[in-house]
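Novice: Got a structure for you, questions after.
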Amino acid sequence: MRRAYLEYANRDVDGVHDMGGMDGFGPVLEPGGEVAYTERWEPRVFAIHMVEELEDLGAGPGARAVREEMPAADYLAASYYQRWLFSVERRLERSGVIAPGEVEEMVRRLAQGEAAPTHRDAAMTKRIQARMATVHPIDPPPDTVRFAPGQRVRVKRMDPAGHTRCPRYVRGVVGVVETVRGADRLPDRATYGLETPREPVYSVAFASRELWGPSDEGVWTVALDLWESYLEAP
(Lines give C-alpha, C1' and ligand atoms only; values in the text may rest on other atoms or scores of the structure.)
Protein backbone atom coordinates (compact mmCIF):
# COMPACT_ATOMS: atom_id res chain seq x y z
CA MET A 1 0.00 0.00 0.00
CA ARG A 2 2.70 2.52 1.00
CA ARG A 3 4.89 1.83 -2.05
CA ALA A 4 1.97 1.97 -4.47
CA TYR A 5 0.80 5.24 -2.98
CA LEU A 6 4.26 6.79 -3.19
CA GLU A 7 4.44 5.92 -6.87
CA TYR A 8 1.03 7.51 -7.43
CA ALA A 9 1.81 10.61 -5.35
CA ASN A 10 4.88 11.42 -7.41
CA ARG A 11 2.79 11.82 -10.56
CA ASP A 12 1.87 15.32 -11.66
CA VAL A 13 -1.53 15.16 -9.97
CA ASP A 14 -2.71 15.36 -6.38
CA GLY A 15 0.13 14.85 -3.96
CA VAL A 16 0.70 12.70 -0.92
CA HIS A 17 -0.83 15.37 1.33
CA ASP A 18 -4.33 14.54 0.05
CA MET A 19 -4.81 11.35 2.06
CA GLY A 20 -8.28 12.11 3.40
CA GLY A 21 -10.64 9.17 3.16
CA MET A 22 -7.83 6.69 2.44
CA ASP A 23 -7.07 3.48 4.34
CA GLY A 24 -3.71 2.26 5.53
CA PHE A 25 -2.35 5.30 7.38
CA GLY A 26 -3.31 4.33 10.93
CA PRO A 27 -6.00 5.72 13.24
CA VAL A 28 -7.15 9.30 12.86
CA LEU A 29 -7.47 9.75 16.62
CA GLU A 30 -4.49 8.76 18.74
CA PRO A 31 -3.81 9.12 22.49
CA GLY A 32 -2.54 12.61 23.16
CA GLY A 33 -3.89 13.94 19.89
CA GLU A 34 -5.73 16.72 21.71
CA VAL A 35 -2.40 18.22 22.89
CA ALA A 36 -1.32 21.26 20.86
CA TYR A 37 2.41 20.48 21.11
CA THR A 38 4.34 17.34 21.98
CA GLU A 39 7.90 18.69 21.61
CA ARG A 40 9.43 21.90 23.00
CA TRP A 41 10.51 23.08 19.54
CA GLU A 42 7.04 22.87 18.02
CA PRO A 43 5.57 26.12 19.46
CA ARG A 44 8.72 27.90 18.27
CA VAL A 45 8.08 26.66 14.72
CA PHE A 46 4.50 27.90 15.02
CA ALA A 47 5.77 31.32 16.14
CA ILE A 48 8.29 31.49 13.28
CA HIS A 49 5.53 30.61 10.84
CA MET A 50 3.30 33.40 12.16
CA VAL A 51 6.12 35.96 12.03
CA GLU A 52 6.99 34.96 8.46
CA GLU A 53 3.36 35.16 7.34
CA LEU A 54 2.12 38.22 9.21
CA GLU A 55 5.28 40.26 8.58
CA ASP A 56 5.20 39.24 4.90
CA LEU A 57 8.75 37.89 5.00
CA GLY A 58 8.27 34.88 2.73
CA ALA A 59 7.82 34.52 -1.01
CA GLY A 60 6.20 32.10 -3.40
CA PRO A 61 2.80 30.47 -3.01
CA GLY A 62 1.08 30.11 0.35
CA ALA A 63 2.47 27.85 3.04
CA ARG A 64 0.08 24.97 2.34
CA ALA A 65 1.00 24.92 -1.33
CA VAL A 66 4.70 24.90 -0.43
CA ARG A 67 4.25 22.01 2.02
CA GLU A 68 2.61 20.09 -0.81
CA GLU A 69 5.91 20.34 -2.70
CA MET A 70 7.62 18.01 -0.21
CA PRO A 71 8.78 14.72 -1.76
CA ALA A 72 6.22 12.02 -0.95
CA ALA A 73 8.52 9.88 1.23
CA ASP A 74 9.66 12.93 3.20
CA TYR A 75 6.09 14.12 3.70
CA LEU A 76 4.94 10.77 5.10
CA ALA A 77 7.97 10.55 7.42
CA ALA A 78 7.59 14.12 8.72
CA SER A 79 5.50 15.20 11.68
CA TYR A 80 2.96 18.02 11.49
CA TYR A 81 5.35 20.77 12.58
CA GLN A 82 8.24 19.36 10.58
CA ARG A 83 6.10 20.01 7.52
CA TRP A 84 5.46 23.55 8.74
CA LEU A 85 9.20 24.05 9.21
CA PHE A 86 9.79 22.89 5.63
CA SER A 87 7.39 25.48 4.20
CA VAL A 88 8.75 28.30 6.40
CA GLU A 89 12.33 27.61 5.30
CA ARG A 90 11.43 27.37 1.60
CA ARG A 91 9.43 30.62 1.66
CA LEU A 92 12.19 32.49 3.50
CA GLU A 93 14.76 31.16 1.01
CA ARG A 94 12.64 32.32 -1.92
CA SER A 95 12.36 35.83 -0.48
CA GLY A 96 16.09 36.01 0.23
CA VAL A 97 15.70 36.39 4.01
CA ILE A 98 17.85 33.29 4.43
CA ALA A 99 20.14 31.50 2.00
CA PRO A 100 19.88 27.81 1.08
CA GLY A 101 21.97 25.83 3.56
CA GLU A 102 22.02 28.61 6.14
CA VAL A 103 19.76 26.74 8.57
CA GLU A 104 21.86 23.58 8.32
CA GLU A 105 25.01 25.64 8.95
CA MET A 106 23.49 27.17 12.08
CA VAL A 107 22.47 23.72 13.31
CA ARG A 108 26.08 22.62 12.90
CA ARG A 109 27.35 25.64 14.83
CA LEU A 110 24.88 25.12 17.64
CA ALA A 111 25.90 21.46 17.89
CA GLN A 112 29.49 22.66 18.36
CA GLY A 113 28.46 24.73 21.35
CA GLU A 114 27.76 28.16 19.87
CA ALA A 115 25.14 30.10 21.84
CA ALA A 116 21.77 30.44 20.14
CA PRO A 117 21.18 33.99 18.86
CA THR A 118 18.35 35.97 20.42
CA HIS A 119 16.14 38.70 19.02
CA ARG A 120 13.60 40.92 20.76
CA ASP A 121 11.31 43.32 18.95
CA ALA A 122 8.47 44.66 21.09
CA ALA A 123 6.93 46.62 18.22
CA MET A 124 6.81 43.55 15.98
CA THR A 125 5.26 41.53 18.80
CA LYS A 126 2.47 44.08 19.18
CA ARG A 127 1.85 44.15 15.42
CA ILE A 128 1.57 40.39 15.23
CA GLN A 129 -0.69 40.16 18.27
CA ALA A 130 -2.99 42.79 16.77
CA ARG A 131 -3.09 41.02 13.41
CA MET A 132 -3.83 37.67 15.03
CA ALA A 133 -6.69 39.25 16.99
CA THR A 134 -8.21 40.81 13.87
CA VAL A 135 -11.25 38.93 12.58
CA HIS A 136 -11.57 38.58 8.80
CA PRO A 137 -15.11 37.28 8.16
CA ILE A 138 -15.97 35.73 4.84
CA ASP A 139 -17.68 38.08 2.41
CA PRO A 140 -21.45 37.71 2.03
CA PRO A 141 -22.58 35.72 -1.01
CA PRO A 142 -23.59 37.59 -4.17
CA ASP A 143 -27.25 38.29 -4.82
CA THR A 144 -27.34 35.53 -7.45
CA VAL A 145 -25.79 32.11 -6.82
CA ARG A 146 -25.80 29.05 -9.05
CA PHE A 147 -26.89 26.58 -6.38
CA ALA A 148 -29.46 26.92 -3.60
CA PRO A 149 -29.87 25.13 -0.25
CA GLY A 150 -31.49 21.74 -0.76
CA GLN A 151 -30.20 21.41 -4.32
CA ARG A 152 -28.20 18.34 -5.38
CA VAL A 153 -24.74 19.00 -6.80
CA ARG A 154 -21.89 16.89 -8.06
CA VAL A 155 -18.24 17.62 -7.35
CA LYS A 156 -16.35 17.82 -10.62
CA ARG A 157 -13.86 15.09 -11.49
CA MET A 158 -10.51 16.77 -11.91
CA ASP A 159 -6.76 16.31 -11.46
CA PRO A 160 -5.44 19.77 -10.58
CA ALA A 161 -1.72 20.23 -11.11
CA GLY A 162 -1.28 22.50 -8.10
CA HIS A 163 -2.90 23.40 -4.79
CA THR A 164 -6.63 22.84 -4.32
CA ARG A 165 -9.08 22.69 -1.45
CA CYS A 166 -11.22 20.06 -3.16
CA PRO A 167 -10.41 16.68 -1.57
CA ARG A 168 -9.83 13.80 -3.96
CA TYR A 169 -12.21 11.43 -2.15
CA VAL A 170 -15.24 13.63 -2.86
CA ARG A 171 -14.71 14.21 -6.59
CA GLY A 172 -17.46 12.79 -8.75
CA VAL A 173 -19.77 12.33 -5.74
CA VAL A 174 -23.25 13.86 -5.46
CA GLY A 175 -24.20 15.78 -2.34
CA VAL A 176 -26.78 18.31 -1.16
CA VAL A 177 -26.17 22.01 -0.58
CA GLU A 178 -26.86 22.83 3.06
CA THR A 179 -26.17 26.57 2.97
CA VAL A 180 -24.28 29.28 1.12
CA ARG A 181 -21.41 30.23 3.40
CA GLY A 182 -20.40 33.42 1.64
CA ALA A 183 -17.92 34.41 -1.07
CA ASP A 184 -14.16 34.01 -1.22
CA ARG A 185 -11.34 33.81 -3.77
CA LEU A 186 -10.66 30.39 -5.23
CA PRO A 187 -7.61 29.08 -3.31
CA ASP A 188 -6.38 27.15 -6.35
CA ARG A 189 -5.45 30.53 -7.87
CA ALA A 190 -5.25 32.89 -4.90
CA THR A 191 -2.41 30.99 -3.21
CA TYR A 192 -0.23 31.65 -6.28
CA GLY A 193 -1.01 35.36 -6.27
CA LEU A 194 -3.22 35.13 -9.36
CA GLU A 195 -6.09 37.52 -9.85
CA THR A 196 -9.34 35.73 -9.14
CA PRO A 197 -12.78 37.13 -8.31
CA ARG A 198 -14.61 36.06 -5.20
CA GLU A 199 -17.16 33.33 -5.78
CA PRO A 200 -19.80 31.57 -3.68
CA VAL A 201 -18.68 29.00 -1.13
CA TYR A 202 -21.21 26.30 -0.23
CA SER A 203 -21.54 23.87 2.64
CA VAL A 204 -22.31 20.56 0.92
CA ALA A 205 -23.43 17.43 2.78
CA PHE A 206 -22.49 13.93 1.56
CA ALA A 207 -23.77 10.59 2.81
CA SER A 208 -20.91 8.36 3.92
CA ARG A 209 -22.18 5.49 1.77
CA GLU A 210 -21.86 7.72 -1.32
CA LEU A 211 -18.22 8.36 -0.47
CA TRP A 212 -17.04 4.95 0.72
CA GLY A 213 -19.91 2.50 0.26
CA PRO A 214 -21.79 0.52 2.93
CA SER A 215 -20.23 0.24 6.38
CA ASP A 216 -20.85 -1.65 9.60
CA GLU A 217 -20.72 1.75 11.31
CA GLY A 218 -23.96 2.80 9.63
CA VAL A 219 -24.51 5.98 7.64
CA TRP A 220 -23.28 9.41 8.68
CA THR A 221 -22.93 12.79 7.02
CA VAL A 222 -19.74 14.49 5.86
CA ALA A 223 -20.09 18.26 5.32
CA LEU A 224 -17.52 20.17 3.25
CA ASP A 225 -17.16 23.83 2.35
CA LEU A 226 -16.64 23.89 -1.43
CA TRP A 227 -16.11 26.71 -3.90
CA GLU A 228 -18.56 27.05 -6.78
CA SER A 229 -15.82 26.24 -9.31
CA TYR A 230 -15.66 22.72 -7.86
CA LEU A 231 -19.37 22.01 -8.39
CA GLU A 232 -21.72 21.17 -11.24
CA ALA A 233 -25.32 20.07 -11.68
CA PRO A 234 -25.69 16.25 -11.42
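Novice: In this structure, does A73 turn out to be in a helix (DSSP H, G or I), in contact with a Leu (Cβ under 7 Å, 6 or more places away or on another chain), touching a residue at least 60 places away in the same chain (Cβ under 8 Å) and small (G, A, S)? Lay out the reasoning, then the answer.
Specialist: Working: in a helix (DSSP H, G or I): yes; in contact with a Leu (Cβ under 7 Å, 6 or more places away or on another chain): yes; touching a residue at least 60 places away in the same chain (Cβ under 8 Å): yes; small (G, A, S): yes.
In short, yes.
Novice: Among the residues of the range 11-19, is any at pLDDT 75 or above and either farther than 30 Å from S208 by Cα or among the small types (G, A, S) (or both)?
Specialist: yes
Novice: Given (1) more than 29 Å from E53 (Cα to Cα); (2) assigned to a loop (DSSP other than H, G, I, E, B); (3) touching a residue at least 60 places away in the same chain (Cβ under 8 Å), identify the lone condition not met by V153.
Specialist: Of everything listed in (1) more than 29 Å from E53 (Cα to Cα); (2) assigned to a loop (DSSP other than H, G, I, E, B); (3) touching a residue at least 60 places away in the same chain (Cβ under 8 Å), V153 misses just condition (2).
Novice: Count, please, the residues in the range 76-94 that happen to be within 17 Å of the chain's Cα centre (by Cα) and either assigned to a helix (DSSP H, G or I) or not assigned by TED's automatic domain parsing to the domain that holds D121 (or both).
Specialist: 13
Novice: If F147 satisfies every condition in (1) outside any strand (DSSP E or B); (2) at pLDDT 95 or above; (3) surrounded by fewer than 17 Cβ atoms within 10 Å (Cβ to Cβ) but one, which is the exception?
Specialist: All conditions pass for F147, except number (3).
Novice: Shifting gears a bit: Which count do you get for residues in the range 207-221 that are touching a residue at least 40 places away in the same chain (Cβ under 8 Å) and aliphatic (A, V, I, L, M)?
Specialist: Residues that pass the stated criteria total 1.
Novice: Next question, about the same structure. Restricting to the range 180-206, what's the tally of residues that are farther than 18 Å from D18 by Cβ, in contact (Cβ under 8 Å) with a residue 24 or more places away in the chain and surrounded by fewer than 16 Cβ atoms within 10 Å (Cβ to Cβ)?
Specialist: 2
Novice: Of the residues V201, V145, V180, only one is over 19 Å from the mean Cα position of the chain (by Cα), hydrophobic (A, V, I, L, M, F, W, C) and in the same structural domain as L224 (by TED's automatic domain parsing); which? Steps first, please.
Specialist: Details: V201 fails: over 19 Å from the mean Cα position of the chain (by Cα); V145 fails: in the same structural domain as L224 (by TED's automatic domain parsing).
Every option except V180 fails the conditions.
Novice: Can you confirm whether P31 is modelled with pLDDT of 95 or more and either assigned by TED's automatic domain parsing to the domain that holds W212 or exposed (fewer than 13 other Cβ atoms within 10 Å of the Cβ) (or both)?
Specialist: no
Novice: Right, another one. Select from the range 35-45 the residues that are surrounded by fewer than 16 Cβ atoms within 10 Å (Cβ to Cβ) and either outside the structural domain of A116 (by TED's automatic domain parsing) or within 19 Å of the chain's Cα centre (by Cα) (or both) and write down the one among them that is farthest from P100 (Cα to Cα). Break it down stepwise before answering.
Specialist: In the first step, residues of the range 35-45 are kept if they are surrounded by fewer than 16 Cβ atoms within 10 Å (Cβ to Cβ); the result is 35-41, 43-44.
Subset that is either outside the structural domain of A116 (by TED's automatic domain parsing) or within 19 Å of the chain's Cα centre (by Cα) (or both): 36-37, 43.
Details: A36: 30, Y37: 28, P43: 23 Å.
Here the residue is A36.
Novice: If a residue must be buried (at least 17 other Cβ atoms within 10 Å of the Cβ) and over 17 Å from the mean Cα position of the chain (by Cα), how many such residues does the range 155-170 contain?
Specialist: Here the count works out to 1.
Novice: I would also like to ask the following. Taking the conditions exactly as written (assigned to a loop (DSSP other than H, G, I, E, B), free of Cβ contacts under 8 Å to residues at least 24 places away in the same chain and under 30 Å from V177 (Cα atoms)), does V135 satisfy them or not? Reasoning before the result, please.
Specialist: On the way: assigned to a loop (DSSP other than H, G, I, E, B): yes; free of Cβ contacts under 8 Å to residues at least 24 places away in the same chain: yes; under 30 Å from V177 (Cα atoms): yes.
So V135 passes the test.
The values are calculated or read from the model by the stated rules, or taken from the named source; none is laboratory data. Nothing here was measured: the structure is a model prediction, and the numbers come from that model. As a convention, Cβ positions derive from the backbone with ideal geometry for all residues, glycine included, and neighbour counts pool all protein chains shown.
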